[in-house]
Amino acid sequence: MSAPQPVVESVRPAQNPLAAWREMEGVVVVISPEDSVLHELNPTAGFIWKHATGERSMEQIAQLLALEFDVDFRTALADTHELVKDLVQKNLLHIRSGSPAEVSRG
């Protein structure tokens, strides 16, 4: 029997350390490490990007997003999940699972 998969909301997105990024005049710009493509993030995406440090779960980021943008938690979680999935596919984010303490020991 295979190991159980982590609950999607409990995974912790982390910025790819090879992806360069800056925030200029409130706009987050990320440069892809493979092909140097520039990605300009909207305010919601920029907020998620800045909180994707590998320390917070997607659920925690969604809670912060809901408070910051005054939206309901379900909407914030769906937006967080969609953006994280997109940025993982573009190799701008990586996914960590387990608690931060487990990862730092490993």
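A few remarks follow.
- Counted charge near Gly46, where neighbours are those whose Cβ lies closer than 14 Å (Asp, Glu -1; Lys, Arg +1): -4
- Viscosity 1.002 mPa s, temperature 20 °C, Stokes-Einstein D of the range 11-105 from Kirkwood C-alpha radius, µm²/s: 159 µm²/s
Coordinate-derived values only; no laboratory data. Since the model is a prediction, treat every value here as computed from it, not as a measurement. When we count neighbours, we look across all protein chains shown, and the Cβ atoms used for this are built from the backbone with ideal geometry, even at glycine.
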